[in-house]
Amino acid sequence: MSSESSTQNPAPASSGVPARVPAGAAGRKPRVAVVFGGRSSEHAISVVTAGAVMRAIDRSKYEVLPIGITTDGRWALTADEPERMAINGRVLPSVDDLAESAEGGVLLPVDPAGREVVYTEPGQVPKSLGEVDVVFPVLHGPYGEDGTLQGLLELSGVPYVGAGVLASAVGMDKEYMKRVFTSFGLPVGPYTVIRPREWEQGSGAERGAAARQKIIDFAADHGWPVFVKPARAGSSMGISRVSGPEELDEAVAEARRHDPKILVESLLRGREIECGVLEFEDGPRASVPAEIPPVTAHDFYDFEAKYIDSAAGVVPAPLTPEETARVRELAVLAFDAAACEGLVRADFFLQENGEFVINEINTMPGFTPISMYPRMWQESGVSYPELVDRLIQAALRRPTGLR
């Protein structure tokens with residue numbers, strides 16, 4: 001697509017998009033496209049995160065272009081109104097409610113030589129929204145956090161915040177995440193994987209019998225309860241605590257609503273500890289850790305506990321200096337093991353024997369007002385606006401393509 005001036009094709013009057021200044025012109029501020037929403041079950045949390053990020057971006061330093069992806073995959077132009085992107089009581093926001101048009105679509109560049117974003121409406125001439133200098137993707141879950149969007153941006157030659165294609169894919173697929181961690185010597189808990197064809201084998205009452213027995217045998221070795229979860233989802237979506245074989249079918253069905261591949265993990269007894277990693281000019285650094293206290297109103301730290309009932313973490317975690325140093329070391333090792341960039345939140349269990357076990361990493365952790373990642377960095381001396389700025393600056397420094 002052409003990167004010429006868009007003065008003949010201005011953005012829609014209702015879009016709130018700043019008039020485009022040609023790249024290189026005096027006073028031209030970098031334009032940040034905040035991309036949010038998406039097709040995963042974490043759509044609403046992505047919208048909430050985007051609202052918080054947009055409020056934190058320094059408008060004297062950057063221009064902001066909000067782009068929402070609807071639940072059916074349409075890229076929509078949305079108004080720059082972060083206040084409409086918060087959870088209201090127990091009502092979750094959506095891109096469909098924020099989109100300025102029910103049919104209009106936003107197109108990213110397909111030519112790495114240009115970074116012009118185009119807006120289209122059925123039956124109308126496409127309109128340029130100007131060039132984008134960096135994308136801040138705050139998508140959670142599949143179709144955004146899993147390497148798919150990152151691959152699109154690599155093809156487009158547009159810099160973006162956060163992990164690349166490989167790290168995003170590894171960070172989303174808990175099976176391969178654990179395999180990578182094991183290869184780097186990071187301690188992981190017992191688990192087994194049920195692939196789609198395993199659960200779908202057989203017919204009638206025998207359907208999935210072998211997979212069901214595989215889980216029962218796993219529990220015989222490691223004990224009940226076990227946790228049944230989607231292999232590629234986040235925000236505690238689709239997770240069930242299973243106390244016995246009679247609960248398996250319902251738990252597997254719930255996990256498979258989010259992902260046909262499921263992960264079964266043993267119960268790890270210990271304290272839940274989280275640690276943030278942020279990319280600085282001289283490499284990744286770890287934040288002070290946080291602790292997620294036991295959640296008495298829930299079976300575990302599930303979606304409602306995180307986002308609706310606002311279970312509060314303790315920052316910094318009450319650990320010994322040796323424990324703090326160890327978990328920070330492991331968090332950076334996890335960041336490097338998965339070839340991450342930008343940021344990561346690493347989640348651990350501190351077992352009764354004093355050893356840490358890594359549970360998972362999140363390559364695009366939540367940035368909601370109650371999210372642990374920004375809280376840990378706030379306690380580490382990096383304010384929320386500075387955190388967002390550092391992520392954008394790191395993306396602007398980093399080239400696309402092989403690196």
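The values are calculated or read from the model by the stated rules, or taken from the named source; none is laboratory data. Remember, predicted model here, so these are calculated numbers, not experimental data. Neighbour counts are summed over all protein chains in view; Cβ atoms, including those assigned to glycine, are modelled from backbone coordinates with ideal geometry. All accessible areas refer to the heavy atoms of the entire protein, side chains included, with ligands and DNA or RNA removed. Shrake-Rupley method; radii C 1.70, N 1.55, O 1.52, S 1.80 Å.
How long are the semi-axes of the equivalent ellipsoid of region 62-195, taking √(5λ) for every eigenvalue λ of the Cα gyration tensor, in whole Å from largest down?
Values for region 62-195, descending: 32, 20, 13 Å.
Using the Karplus curve 6.51 cos²θ - 1.76 cosθ + 1.60 with θ = phi - 60°, work out ³J(HN,Hα) for each residue of region 147-159 in order, rounded to whole Hz, and write x for Gly and Pro.
Values per residue, Gly and Pro as x: x, 5, 5, 4, x, 4, 5, 4, 5, 7, x, 9, x Hz.
5 Å is the cut-off here: which amide hydrogens, built 1.01 Å from N in the peptide plane, fall below it relative to I69, excluding neighbours closer than 5 in sequence?
F36, G37, G38, A76
Within region 25-79, what whole-number % of the accessible surface is contributed by carbon and sulfur, with the 1.4 Å probe and all protein chains included in the calculation?
Accessible surface attributable to carbon and sulfur in region 25-79 totals 49 percent.
Within 10 Å, count the other beta carbons around each residue, average over each peptide in 137-149, 184-196, and list them highest first.
In descending order of packing, they fall as 137-149, 184-196.
So for the chain, taking the charge dipole from beta-carbon charges (+1 Lys/Arg, -1 Asp/Glu), which of L77, L92, P374 sits furthest toward the positive end?
L77
Per residue, how large is the accessible surface of the chain? Use a 1.4 angstrom probe and give square angstrom.
In whole numbers, the chain has 42 Å² accessible per residue.
Normalised by the number of residues in the chain, what is the relative contact order in percent for Cα pairs under 8 Å and 6+ residues apart?
It rounds to 16 percent for the chain.
If you put +1 on each Lys and Arg Cβ and -1 on each Asp and Glu Cβ, how big is the dipole of the chain around its Cα centre, in Debye rounded to 20?
640
Can you give me the % of accessible surface on region 153-242 that is carbon or sulfur? Probe 1.4 Å, all protein chains present, nothing else counted.
About 53 percent, which is the carbon plus sulfur part of the accessible surface.
May I ask you to evaluate 6.51 cos²θ - 1.76 cosθ + 1.60, the Karplus curve with θ = phi - 60°, for each residue of region 361-368 and list the ³J(HN,Hα) values in order in whole Hz, giving x for glycine and proline?
Per-residue couplings from phi come out as 10, 10, 7, 9, x, x, 10, 5 Hz.
With N set to the residue count of region 324-400, report its C-alpha Rg divided by 2.2 N^0.38 Å to two decimal places.
Region 324-400 yields a ratio of 1.19.
If packing is taken as the average count of other Cβ atoms within 10 Å, what order do 42-49, 101-108 fall into, highest mean first?
Result, highest mean Cβ count within 10 Å first: 42-49, 101-108.
Only helical DSSP H runs with n ≥ 4 go in: add -39500 (n - 2.57) per run for the chain, normalise by residue count and round the 222 nm mean residue ellipticity to 500 deg cm²/dmol.
That comes out to -8000 deg cm²/dmol.
Quick check: residue separation of R84 and A325 times 0.36 nm, minus the Cα distance between them. What number comes out in nm?
Value of the extension gain: 82.7 nm.
With Rg/Rh (Cα atoms, Kirkwood Rh) defined as stated, name the option among [x] 0.99; [y] 1.12; [z] 1.01 computed from the structure displayed.
[x]
Based on the mean of other beta carbon atoms within 10 Å per residue, what is the order of 151-158, 371-378, most packed first?
Descending packing order for the listed peptides: 371-378, 151-158.
Per 0.36 nm of contour for each residue apart, how much would the distance between V110 and L402 grow if the chain were fully extended, relative to their Cα-Cα spacing?
103.3 nm
Provide the per-residue ³J(HN,Hα) series for region 28-40, in order, calculated from phi with Karplus coefficients 6.51, -1.76, 1.60 and θ = phi - 60°, each as a whole number of Hz, with x at glycine and proline positions.
5, 8, x, 9, 9, 8, 8, 9, 8, x, x, 8, 8
If you roll a 1.4 Å probe over region 321-403 with all protein chains in place, what percent of the accessible area is carbon or sulfur?
With neighbouring chains kept in place, the figure for region 321-403 is 50 percent.
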